[in-house]
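First comes the structure, then the notes that go with it.
Values quoted throughout were computed directly from the atomic coordinates according to the rules given, and no laboratory measurement underlies them. The model shown is predicted, which means the values in this text are computed figures rather than measured ones. With ideal geometry, Cβ positions are generated from the backbone for all residues, glycine too; neighbour counts draw on all protein chains shown.
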Amino acid sequence: MTEMTTNPRSISIQQPAVLHERALEVMPDGVASFAQRQSPDQLYLSRAEGSRIYDIAGQAYIDYMVGAGALVLGHRHPKIIAAVEQALECGVPNIGVAEAQIVLAELLCQYVPSIEYVRFLPTGNEAVQAAIRIARKATGRHLIAKFEGGYHGQSENVMVSVNAEKNARGHSDAPERVPYHCELPDPVIEQTLILPFNDLPGTTSLIDQFADEIALVVIEPVLGFAGAIPAEKSFLEGLRKLTTRYGIVLVYDEIITGFRLAMGGGQELYDVLPDLTVLGKAIGGGMPIAAVGGRRDIMEWTSVDLHPEDYVFQSGTFSAFPMSVAAGVATIETLARERLVDSVNEMGTLIRDGLVRLYRERRIAAQVTGVGSVFHVHFTRDEVRDARTAEDADQNLINELHSRVLKRGIYFYQGRLGWLSSAHSGDDIGYTLDIFGTVVDEMVEEGKFDTLRI
């Protein structure tokens, strides 16, 4: 074991148990955020390359978290490294304006069908909140409508009904407003109306009832945190007609799906356009950046020149951070030039089809969800079309499965969806499916799937 350094701020290679003891002294659960937490054993990383991450002992893992989906080109892509290094050399300060941010804005307008005007922000959470403020100004209304199971960041007005626990969620066609692991004052909770995902009659009934109060409806084209659950095209078409009828701003949260399902995200795939779009993750190639964009007449509310007395304030110290902008331009240009979205999506089809076969051959009731380069497995007999069915699946089994495959070199956001990158290969998928087969067979022998045998 390497001895503890006398300088607590220096970096040294120590055993995971020692690192975890140190981490627990200074951070809750020993991690900087919820997404980093692994159970029962915390993984400590030393480097990453391509489709793999490496722990401090040098053990390689095929990575299906890829920065929570941000690393669509994989780890340490040479184009991104070169672009960031050049931006560092230029030394443009974070508040300075440079041509690169115009280029990134032009690329977003070029590839995302709904975007005519765009603004940048440091995080997806901030971009969602900007969309809310813009929609409220454009409509003169205040109510936010979101879908059960939708995750739109950690601001209080959207930390509601992120999951759908049985004991609190209410009736399926009129979901209750349930704070997600936080205490929210009633006036905050009442700002947000919860809609049933993929249920057009239920959604229509609620919007009909509250239309005069609703400023915006925000939706993920694929529910991410809830488990890679795609919206149905007919549902999005109906939602688009409904929001248009009442003059409600329709917002797509494409932080997960943008530049993944297609270059133009879910709106290109489904050919149903929103009024505003929120982007993040992939548009920064692993660096922190987000954007909100959409119809010119709506986005113009952020213009001081056009609305000098009543513009919607939007700013931030690290909006359009030069290194993030450089990484974003390199990512989008590489995706377009090499037509990588299609090839990554082919890998998505390969792993989803392989998982379907794996569970069918073992006569285990499992629902494989996802589209494009995202995927998940739900251990349930029921078709998974919404957050309720996903929540009712056996969460202990998927958590245990991810924990066991981690010990064999496969890394997931534990219990959550998987993402692919252009660095993943057919061999990676084949190896992953082999490991899954081995681990599932072990769990079958132990009786873990007895209640799900078909």
Between residue 116 and residues 5 or more places away or on another chain, the pairs with built amide H atoms under 5 Å apart involve 294, 295, 296
Residues residue 94 and residue 166, FRET efficiency given R0 of 51 Å [Cβ-Cβ distance, rounded to 0.05]:
0.65
Under a point spin-label approximation (7 Å from Cα along Cα-to-Cβ), what is the residue 35-residue 241 distance to one decimal in nm?
3.7 nm
If you find the alpha carbon centre of the range 70-141 and of the range 175-206, how far apart are they in angstrom?
30 Å
Diffing the range 441-452: the Karplus 3J(HN,Hα) column from phi (6.51, -1.76, 1.60, θ = phi - 60°), in whole Hz with x for Gly and Pro, holds 4, 4, 5, 4, 4, 7, x, 5, 9, 4, 7, 10
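Taking neighbour counts of Cβ atoms within 10 Å as a proxy for exposure, in what order, fewest first, do 261, 420, 433 appear?
Numbers: 261 25, 420 29, 433 17.
Ranking 261, 420, 433 by Cβ neighbours within 10 Å, fewest first, gives 433, 261, 420.
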Label-point separation, residue 208 to residue 26 (7 Å along Cα→Cβ), nm:
5.8 nm
Let me check against my output: what whole-number percent is the relative contact order of the range 78-337, with C-alpha pairs under 8 Å and at least 6 apart?
30 percent
Rough spin-label spacing in nm, given labels placed 7 Å along Cα→Cβ, for residue 81 and residue 176
5.2 nm
Per-residue Cβ contact counts at 10 Å, fewest first, order 27, 159 as 27, 159
Would you calculate a helix-derived [θ] at 222 nm for the chain, using -39,500 (n - 2.57) for each DSSP H run of n ≥ 4 and dividing by the full residue count, to the nearest 500?
-11500 deg cm²/dmol
Set of the range 345-377 residues, backbone N closer than 12 Å to the point 7 Å along the Cα-Cβ line of residue 43:
none
Computed on alpha carbon atoms, what radius of gyration and Dmax characterise the range 78-337, expressed in Å?
18.2, 57
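Given 79/233; 79/146; 166/407; 79/137; 281/407; 137/166, which pairs have Cα atoms separated by over 30 Å?
Violating the 30 Å Cα-Cα cut-off are 79/233; 79/146; 166/407; 79/137; 137/166.
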Within the range 29-46, list the residues whose amide N lies under 15 Å from a label point set 7 Å along Cα→Cβ of residue 60.
46
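Select from the range 197-268 those GluC sites (Glu not before Pro) which occupy a DSSP coil region and have at most 15 other Cβ atoms within 10 Å, ordered by residue number.
On the way: sites: 213, 232, 237, 254, 268; in loops: 213, 232, 254.
For GluC sites (Glu not before Pro) across the range 197-268 that sit outside H, G, I, E and B with at most 15 neighbouring Cβ atoms in 10 Å, the list reads 213, 232.
Would you mind ranking 25, 309, 106, 333 by Cβ crowding within 10 Å, fewest neighbours first? Display every interim value, and only then the final one.
Numbers: 25 9, 309 5, 106 12, 333 15.
Listed from fewest to most nearby Cβ atoms, that is 309, 25, 106, 333.
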What are the ³J(HN,Hα) values, in whole Hz, obtained from phi via the Karplus relation 6.51 cos²θ - 1.76 cosθ + 1.60 with θ = phi - 60°, for each residue of the range 215-225 in sequence order, with x given for Gly and Pro?
7, 8, 10, 10, 8, 8, x, 9, 4, x, 4
Using θ = phi - 60° and Karplus 6.51 cos²θ - 1.76 cosθ + 1.60, couplings along the range 279-296 (whole Hz; Gly, Pro as x)
10, x, 6, 4, 6, x, x, x, 9, x, 6, 8, 8, 10, x, x, 4, 4
